[in-house]
1. Does A:I286 meet the test of being over 23 Å from A:I389 (Cβ atoms), more than 7 Å from every other protein chain (Cβ to nearest Cβ) and under 26 Å from the mean Cα position of the chain (by Cα)?
2. Could you list, in sequence order, the residues of the range A:330-357 that are facing chain B (nearest Cβ under 7 Å), open to solvent by 10 Å² or more (accessible area, probe 1.4 Å) and either touching a helix residue (DSSP H, G or I) at 6+ places or on another chain (Cβ under 6 Å) or free of Cβ contacts under 8 Å to residues at least 40 places away in the same chain (or both)?
3. Here is a list: B:D249, B:D191, B:D234. Which entry is acidic (D, E) and open to solvent by less than 10 Å² (accessible area, probe 1.4 Å)?
4. For the range B:383-437, what are the residues that are acidic (D, E) and within 32 Å of the chain's Cα centre (by Cα)?
5. If you scan the range B:108-122, which residues turn out to be closer than 15 Å to A:R347 by Cα and facing chain A (nearest Cβ under 8 Å)?
6. Quick check on my filter: what residues within the range A:458-496 are within 27 Å of the chain's Cα centre (by Cα) and within 14 Å of chain B (Cβ to nearest Cβ)?
7. For the range A:23-31, check the following and say yes or no: at least one residue is among the hydroxyl-bearing types (S, T, Y), buried (at least 22 other Cβ atoms within 10 Å of the Cβ) and outside any helix (DSSP H, G or I).
8. If you go through the range A:500-507 one residue at a time, do you hit one that is open to solvent by 40 Å² or more (accessible area, probe 1.4 Å), under 27 Å from A:D25 (Cα atoms) and away from chain B (no Cβ under 12 Å)?
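The values are calculated or read from the model by the stated rules, or taken from the named source; none is laboratory data. Predicted, not measured: the structure shown is a model, and the values here were computed from it. Cβ placement follows ideal geometry from the backbone for every residue including glycine, while neighbour counts extend to all protein chains displayed. Each accessible area value is taken on the protein alone, full model and side chains, heavy atoms only, with ligands, DNA and RNA left out. Shrake-Rupley method; radii C 1.70, N 1.55, O 1.52, S 1.80 Å.
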Amino acid sequence: MVTITGVIPRPTTYSGLWGWLTTVDHKRIGALYGVTAFFFFMVGGIEAGIMRLQLAQADSDLVSAEWFNAMFTMHGTTMIFLVIMPFGATFFNFLIPLMIGARDVAFPRLNAFSYWTFLFGALLMHVGFIIGQVPDAGWFSYANLTAAPFSVGKGLDIWALSLQVLGVASLAAGFNFVVTIINMRAPGMTLMRMPVFVWMTLVTSILLVLAFPIITVALIELTADRQFGANFFNVAAGGDPILWQHLFWLFGHPEVYILILPAMGIVSEVIPTFSRKPLFGYPVIIFSGIVIAIMSWAVWSHHMFTVGLGPIANSVFTITTMLIAVPTGVKIFNWIGTMWQGSIDLRTPMLMAIGFVALFIVGGLSGVSHAVSPSDFQQQDTYYIVAHIHYVLFGGAIFGIFAGIYYWYPKITGRMYNELLGKIHFWLMFVGMNLTFFPMHYAGLNGMPRRIYTYSEGFGWEGMNLLATAGFFVLVIGTLVFMHNFLRSVKKGEPAGHDPWDAPTLEWSISSPPPVYNFAEVPQVKGQDDYWITKRQAAARGETVPAEPHIDPSTVHLPSPSYWPLVAAFGTVWIAGGLLIDFGWDYIRFPLSFVGGLIAIIGVIGWSNEPPAAEHDDAGHH
Amino acid sequence: MGLMPFSEEDSPVNIREGSGPATSPRCTVNSASDSPPRPRRSWRPLAILAVLGGVLLLAALGCDPDAPQSTFGVNGPVAREQLLLFNVLLWTMVAVFVLVEGALLYAAIRFRRRPGDPLPPQTHGHTPLEIAWTIIPTILILALGIWSVFVLFKLEPGEAIAQAQARGTEPLYVEAVGHQWWWEFRYPDADGSGKLVTTANEMRIPVNRPIIMTLKSDDVIHSFWIPKLAGKQDVVPTRANQMWFLAEDVGMYYGQCAEFCGVAHAQMKFRVHAMEDPEYLAWVAGFGQPNELSAQAARGQLVFLGDGQCVTCHTVGASDTVNEVGDGVQQGRMNTYLAYNKWLNKPAEERLEDVRTGNEPPAAFAAPNLTDLGLRTTIGSGLLDLNRETLRQWIRDPDDIKPGNRMSELAAIYQTRTDHRADLSEDQLTDLVAYLMEQR
C-alpha cells in the first residue's frame, strides 16, 4: 500500500472542478468555507421561517409537533456548527496568512482536510431529511430524552455522529491556526503587534482545541448508549442525565465565545479603519479577550441554574457569570473610545460594526439579568433567553460576520460592492433583527416557554409572536438584497484597488484579489498597524504606496495540490456514516464503519508518502 | 487590575513603531489641539437620550402583569422576591443601556467624517479610563451579585419552614411527578392526619401556607413552573429537587413544563387552585369517598373496568396501587414500560402469537389518577376546558387533541381501529363520560 500511495504523483491542475477538489490554497479553502456557510445560513433561515410561521398565531397547525421539534433542533445545530463557526473559519483561512505576512497556513493539506471533513459532516447531518428521521431533541440534546425508549429512530444517531465528524474538522483547524499564528509570523510581527483579529483567532483556536475534546467525550458516551447499549445516561440502569449537561455546557459555554470572539476580532479591525484612529486600548482589548476565554471555563453551570445544583453552586456560578460581563464591557468601551474624536466614515462595514456593538450591548445586558440565578429561575427556558441568544449570536456574531464580508469584499474579489445596496441591507437587517427578537423578551417575561410548537389563545403572546414573524420577513428581504449585491458586484463592481479603505494591516499592501503566493517579498513588520506606518512614512516623503508588484509565481515555492485530504476526510465521515446504515441486518453497520476507517487510513498513508511537490504543473510552481 | 502591565503602552508618549521616527510626521501635525474646533451641537445628546427614553417607555408597555403566565403579575413572597431582583437589574441595565448606547450613537454622529477632515489625533489609549471602566462595573456587579446570593438562599425550603412558623402554621408538602406529558400531584399528608391524596394536572392548595414541592420525574427531565407564584425548578429523574412557594390570594394560577421533554412538551400544562383552608380541607376529606352513581354512570363504570380497559392504567377511588410512586415502584414501572415498548416493536405476527399464547407483557403505565376528575377544570393536562363534550372528544380520539400522547399510543382500545379512535360504541362513550364526570 505504501508503494501504491507513494507513487501517485500530486495533482497538477489549478483550474476547474479538479482544481478546487485538490486545492490546498488557504484563500480557496476560505472561499469554500464561505460559500458553504452561506448556503447553510439559508437552510437554517428557512428552518427559522417555518418556526416563525407556525408561531405567528395561536393554535396554529401549519406543522406538526414532530416537525417543529426537528426544525428548532436543526436550526440551532445548523446556525452554530454549520454557519457561524465556518464563517469564522472563512475569515481565519482567507486572512490569517495575509495578516501575518505568510505564504499559507502551517499545514495546508490539513487545512483542506478540515474543510472536506466539515462539508461531509454537514451533509451527513442532513441525511435525516432524506430518510425522514430528523434529529429532534434540541441542539443541546439533553439526556435522557436522547435515550430509548424516548428517542427511537436514527435522528439522534445522525446528530451525534455528524457532530463528532464536525468536531474532527474543528480540532484540525484549531491546531492548524494555533501553529500558524505562533510560527508563521513575518519578521518583526511580535505578538503585541499582531492585528486584534489574529489575536482573537489565536484565542478562539486555543478554545477550540480545549473545548472540543469535551463534547467528543460526551458524544462518544451518547453514541455508546445508543449504538452499543451502554448506560452513561440511562436512568433505568442508574446512569445520570445531569452528567450530559455538565459535559455539554463545559463544552458549550466556551463554544459561545468560539462563536463571538472572531466577530469581536473583525469589529476590532473595522472600527479603527473607518475611524482613522488606532484601536483604543489595544492591549486591554486583547487582554480582555484572553480573560473572557479563561473565564468561559468557569461559568458553564449558569445554563443549569434550575437543575438543582443547590444554592452554593448557583451562587458561585452567578458571580463568575456576572463578572464575565466586565471584560466584555471593557471591549465595548474601548471600541467607543476608538470612535471618539475619530473621523468616522459610515460605510457599510462600519455600520455593521456599530450595529454589532449596539446589539451586543443589549444581549450582554440581558445576559447579566439572567446571570443572576434567582432572577433566572423565572427566565430560564423562556423566550427571554431566545431573545438574548439571538442578540448575541445574530446581533453579535452575524453582524460581525457581515461587517467582515463587506470590509474584505474588495480584497477577496478585487471589486467593490454597491454601497447603497450595502446600506439598505444594513438597515433591513438592523430593523428586521430588532423586530424579530426584541418582542421575544416580552413573550418570555409574560411566561412563554421555549420550544413549544404551539400555544393557546389568551396568554398574551399573540402580538409579540406576530411582530417576530413580521421581522423574519424583513430579514429575508435584507438577505436577498445582500445576495444580489454580492453576486452582481463580483462581475460588475468597480475595480477596488488594493487598499480602498486606507487600512492598517498587511493584507491591504498586496493586490486585490491577492496573488496565489500572497507576498512577493516577506514583509518586514515595523510596528502595530504596520501598513499605516508604511503609508504615512511614504506620505511624509510625498510618495504614495502602490500595491506590491506581481512576480512570476514559478519563482515562489508553494505547496502543491493533493488528493489525499479529500480521501482521508471521506474515510473519516464514512466511519460515522457506516454506523447509521442497516439493510434489515443491524450488524452491517460495523463492517461498513470499518471500511470507512480503512479509507481514512489509506488517505493518511498516501498523504504522508506523496512526493513533496508536483514535478511540474499548470502554474509552474516548484 | 491586570491592566497595569500595559499602562506604559497606553501613555501618550509611548512609541508603538519598533523603528524609525517616534511617530509618523502626519500624526504629530494632527494632534488634538491642532484640529479645527467643530461646531457645538449640544442638542444632539439630548435628542439621543430623548429617543432612547421614548423607546424604553414604549418598551415598558409590553410588560403585561395581567397575562396568565406573566412574571410581572406575581403573588406570594417567592415570585415577588424574584420580581424585585429582576426589576432592580432591569432598571440598572436600562441606565447602562442609555449611557453606553448614547455614547455609541453620539460618537457615530458627532465624529462623522466630512470631506477634507484631517487625520484625527492618533491616541492609543488612556490608562485611568481603562481602570475606571473596569472597576466601576466590577463594583456594580459584585454589589448586585452579593445581594442575589441572599435572595437565592431565601428560595430554599428552609425559608418556607421559617415563613410557616412566622404565620403560625406548618408547610404543606406536595410531590409533583413529571410524566410525558402530564403532571401527577401527591400529597403524602394532605390534612395533617396522614391522608394520602393523588391527583393529576390540577393542584389544590390552601392560601397563606408555604407549599414545599418535591419534584420527581417518571421518565425524562421536565421543569416545574408556576410563573405567578415561583420561578422554575427542573424535574430530574434520579433526583428529588425541592422548591417552595406560597399563594396569598385565592384563585387559579397557571403552570407549564419549561424544559423540552419531547413531542407534546407544549401541552404539558397544569393549574394550581389556591383556596381558603376550610375549602381545601373539605376537598381532602371528600377525596376518594365512594359516590352514589347514577344508572348511566354505573353502566359507564362497567366500560371503565371492562371494554375500555381504562383501569389498567387509571385509578379511580382512594386505593392507589398502580400509580404508587416510590423509588422501587418507579424503577419497576420503567422496566415494565421498556419491556412493553420493545414488544411493540416486534413483528406483528410474533406479537399476535404472544397474545394467543398469553405471553403479552403487561401494559401498565403511569396514567392520571381520575378520582376527582369531575372537580377539575381541564382535560388533557391543562389543554381543554373540561365538560362532557370535550371529555368525549378526548376519549374518542386523544391523538387529535394532543399529538404524541401515551394513551393513544399504548392503550389497547386505540390499537384495533384503523383510524386509531377508541374502539367503543357511542353509547359506551356516553356512559363512560357520565361515570367520569361523577368522580368528584
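1. Values: over 23 Å from A:I389 (Cβ atoms): yes; more than 7 Å from every other protein chain (Cβ to nearest Cβ): yes; under 26 Å from the mean Cα position of the chain (by Cα): yes.
When the stated conditions are applied, A:I286 passes them.
2. Hits for the range A:330-357 are A:I332, A:F333, A:I336, A:W340, A:D345, A:I354.
3. Working: B:D249 fails: open to solvent by less than 10 Å² (accessible area, probe 1.4 Å); B:D191 fails: open to solvent by less than 10 Å² (accessible area, probe 1.4 Å).
So the residue among B:D249, B:D191, B:D234 that is acidic (D, E) and open to solvent by less than 10 Å² (accessible area, probe 1.4 Å) is B:D234.
4. Quick first cut of the range B:383-437, residues acidic (D, E) only: B:385, B:389, B:397, B:399-400, B:409, B:419, B:423, B:426-427, B:431.
Of everything in the range B:383-437, those that are acidic (D, E) and within 32 Å of the chain's Cα centre (by Cα) turn out to be B:D385, B:E389, B:D397, B:D399, B:D400, B:E409.
5. Residues of the range B:108-122 that are closer than 15 Å to A:R347 by Cα, as a first pass: B:108-109, B:111-115.
Across the range B:108-122, the qualifying residues are B:A108, B:F111, B:R112, B:R113.
6. Across the range A:458-496, the qualifying residue is only A:A468.
7. Filtering the range A:23-31 down to residues among the hydroxyl-bearing types (S, T, Y) leaves A:23.
This time we only want the ones that are buried (at least 22 other Cβ atoms within 10 Å of the Cβ), so: A:23.
So of that shortlist, the ones also outside any helix (DSSP H, G or I) come out as A:23.
Yes, the range A:23-31 has at least one match.
8. First, the residues of the range A:500-507 that are open to solvent by 40 Å² or more (accessible area, probe 1.4 Å): A:500, A:502.
Still in the list and also under 27 Å from A:D25 (Cα atoms): A:500, A:502.
If we keep only those that are away from chain B (no Cβ under 12 Å) too, we end up with A:500.
There is at least one residue in the range A:500-507 that is open to solvent by 40 Å² or more (accessible area, probe 1.4 Å), under 27 Å from A:D25 (Cα atoms) and away from chain B (no Cβ under 12 Å).
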